[in-house]
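Peer 1: Before anything else, here's the structure in question.
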Amino acid sequence: MNNDLFSAISRFELMAFFSGYPLIYTLTLVIAGNDLLKEKFIGRTIPLLPLAYALVGTLFLGFQFKKLFPDYSFEHIRLTIKQPGLVAWGLLSILFWIPTFNRKTILSLLHSLVFFVLLATDLFMLLSSQSADNNMVRNDMEVYVNSLLLNVGAFAVLITLCYFFPSFKKK
Amino acid sequence: MKHFNKMLLAILVLISSYGLIASCTNKNIPLPASVSTGVIINHGNHIHLSGLTVGDTTQWKFDKAHSSVNWSSPFEGVGAPLTGKFNQFGVAEVTTAKMLSYATTAQPLPDTSWAFYENVPAKTHFSGYVQINQVNTGEPGRDGGCLVSTLGTTAIVTGTQNLSVTNVALIKTTKVEFDPLSNNYIATFNFTWKGNLGVPLTKSIVGKLTYIPSAVFSTHHEFGLSLAFQINCRDYGITSANVADVITIQVNTNFNNQ
């Protein structure tokens, strides 16, 4: 892995968009799994989780466009996009707008766990190395908190849409 | 599936919590070192000894043309400094027997009354003199006029170097030691001057001696010694109100091994 500064920034960007999703996902599922809440409102929001994830992916795509503006040439993309493999993987989240993918909600969790693993790796390094820098973990956690907020926000937007536009949910 | 979700949630919460705690813990962050305000004192091992043999690079010669003796005192005790220098001076011990007028325009005595040991200040010593009537403030009327009587001396006689008792101020070190607060030295010396008194007065003065290490010039080496000190001119019978009690004197000397 390329460890230069721009690669590290790119890694933080990916974590900021996607690493918070697994916790939102499992928390929603655990709450919805409660027998008392199963038939309540929260239980009916589970199908929206992959869509919320797709919304985050779309925002990530917009962010990439913003970074590249105004030069969208291949050369500029090649120079600007660091960690192209991870970025491409992140952009795949847009596929969850497609019903074929969003019907299996577990796929969105598996997709996002890749980014959570990046965070967990840093924590593991702190655990296993006495010389690890706390600042690295502090940065990761700040990014992680922002990611949680972003994913909660995206989820809330979709819930709101479904509430005011029931036809959206049917689609 | 329900158990899997709960287990996954527990793992995620555990990892997240650990990250949160680890990021808030400052135990591994060392306190920043305090800023050092102390002066780094580092004395080398240079030894400079005097001599007159031209071409002997182990002997250091007084570079009179590139040296100076300057003085300053607030004008009328309150104004901006009144400054001047002495045109004729040397690094020689002027004993009573040598207090004569010399018919020469060159240095009247060999400038060899000194030795400098950078790391053994106890062995460092120097003697020197200035010719008082060679005072130069840049105002010919004052230098050759009122200042002659103010300083209790006699006018310049062209072609002579006047080292008579009325026209010389002498210094001779009694002790040189390291300055504990800087890279310089503290020089204690006797300052002898007749001024307007009946006989010369000797007072012990403490000054700051600064060594400028030898450096290579195109054909030779050169090093410098600076001495800064103050005298109270009233001790020597100087009554002029044009100058303050305290006169600050700065001696800048250069030596080469040509």
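Here, each number is a calculation from the coordinates, and none is a lab measurement. Just so it is clear, the model here is predicted, and its values are computed rather than measured. Cβ: placed from backbone, ideal geometry, glycine included. Neighbour counts: every protein chain shown.
Peer 1: Quick one: length gained pulling B:THR188 to B:ASN119 fully straight, 0.36 nm per residue minus the C-alpha distance?
Peer 2: 23.1 nm
Peer 1: Related question: Using only the alpha-carbon atoms, what does segment A:91-132 span along each of its principal axes? Please give whole angstrom values in decreasing order.
Peer 2: The principal-axis extents, from largest down, are 47, 17, 6 Å.
Peer 1: So what's the back-of-envelope 222 nm ellipticity for chain B, counting only DSSP H runs of four-plus at -39500 (n - 2.57) apiece and dividing by all residues, rounded to 500?
Peer 2: -3500 deg cm²/dmol
Peer 1: Classify segment B:58-159 from the C-alpha gyration tensor, please: rounded if a/c falls under 1.5, else prolate or oblate depending on whether a/b exceeds b/c.
Peer 2: Working: a/c = 2.29, a/b = 1.43, b/c = 1.60.
Cα axes put segment B:58-159 in the oblate bin.
Peer 1: Note down the nm distance, to one decimal, between modelled labels 7 Å out along Cα→Cβ at A:LYS66 and at B:THR57.
Peer 2: Those two pseudo-labels are separated by 7.0 nm.
Peer 1: Next question, about the same structure. D for chain A, whole µm²/s, Stokes-Einstein with Kirkwood Rh over alpha-carbon pairs at 25 °C and 0.890 mPa s: what number? If you can, show how the numbers build up before the last one.
Peer 2: Numbers: Rh = 17.2 Å.
It comes out at roughly 143 µm²/s.
Peer 1: Quick check for me: using +1 on Lys/Arg Cβ and -1 on Asp/Glu Cβ, what's the dipole size of segment B:47-256 about its Cα centre, in debye to the nearest 20?
Peer 2: 320
Peer 1: Given A:LYS66/B:LYS6; A:LYS82/B:LYS6; A:LYS67/B:LYS6; B:LYS61/B:LYS172, which pairs have Cα atoms separated by over 29 Å?
Peer 2: Checking Cα-Cα distances, A:LYS66/B:LYS6; A:LYS82/B:LYS6; A:LYS67/B:LYS6 exceed 29 Å.
Peer 1: Restricting attention to the alpha-carbon atoms of segment B:47-256, what are Rg (one decimal) and Dmax (integer), both in Å?
Peer 2: Taking only Cα atoms of segment B:47-256, I get Rg and Dmax of 17.1, 50 Å.
Peer 1: Using only Cα atoms and rounding to the nearest 10 degrees, what angle (0 to 90) does helix B:2-24 make with the longest principal axis of chain B?
Peer 2: For B:2-24 against chain B, the angle is about 10 degrees.
Peer 1: Same structure again: Average projected area of the Cα convex hull of segment B:5-123, in nm²?
Peer 2: Computed as one quarter of the Cα hull surface, the answer is 20.2 nm².
Peer 1: Which of A:PRO70, A:PRO84, A:PRO22 moves most in a GNM of chain A, Cα contacts under 10 Å?
Peer 2: Largest GNM mean-square fluctuation: A:PRO70.
Peer 1: What translational diffusion coefficient, to the nearest whole µm²/s, does the protein assembly as shown have by Stokes-Einstein, given a Kirkwood radius computed over alpha-carbon pairs, a temperature of 25 °C and 0.890 mPa s viscosity?
Peer 2: So the translational diffusion coefficient is about 83 µm²/s.
Peer 1: For an R0 of 60 angstrom, estimate the FRET efficiency from the Cβ-Cβ distance between A:VAL152 and B:LYS208 and round to the nearest 0.05.
Peer 2: 0.30
Peer 1: Say R0 is 30 Å: what FRET efficiency, to the nearest 0.05, do B:LEU181 and B:THR83 get from their beta-carbon distance?
Peer 2: About 0.65, to the nearest 0.05.
Peer 1: Build a GNM of chain B with springs between Cα atoms under 10 Å: which of B:ASN42, B:ASN87, B:ASN184 gets the top mean-square fluctuation?
Peer 2: Most flexible of the set in this elastic network: B:ASN42.
Peer 1: Turning to a different aspect of this structure: Between B:VAL39 and B:LYS6, what is 0.36 nm times their sequence separation minus the Cα-Cα distance? Round to one decimal in nm.
Peer 2: Difference between extended and current length: 5.5 nm.
Peer 1: So, counting K/R as plus one and D/E as minus one, what does the shell of residues with Cβ under 10 Å around B:GLY195 add up to?
Peer 2: Numbers: positive: B:LYS194, B:ARG234; negative: B:ASP235.
With Lys, Arg at +1 and Asp, Glu at -1, the net is +1.
Peer 1: Could you give the length gained by full extension between A:THR80 and A:GLU142, i.e. 0.36 nm per residue of separation minus their alpha carbon distance, to one decimal place?
Peer 2: Stretched out fully, the A:THR80 to A:GLU142 stretch lengthens by 19.9 nm.
Peer 1: Further, regarding this structure: Taking R0 as 30 Å, what's the FRET efficiency between B:THR158 and B:GLN230 from their Cβ-Cβ distance, rounded to 0.05? Provide the component values of the computation, followed by the final result.
Peer 2: Details: r = 33 Å, r/R0 = 1.09.
The value I calculate is 0.40.
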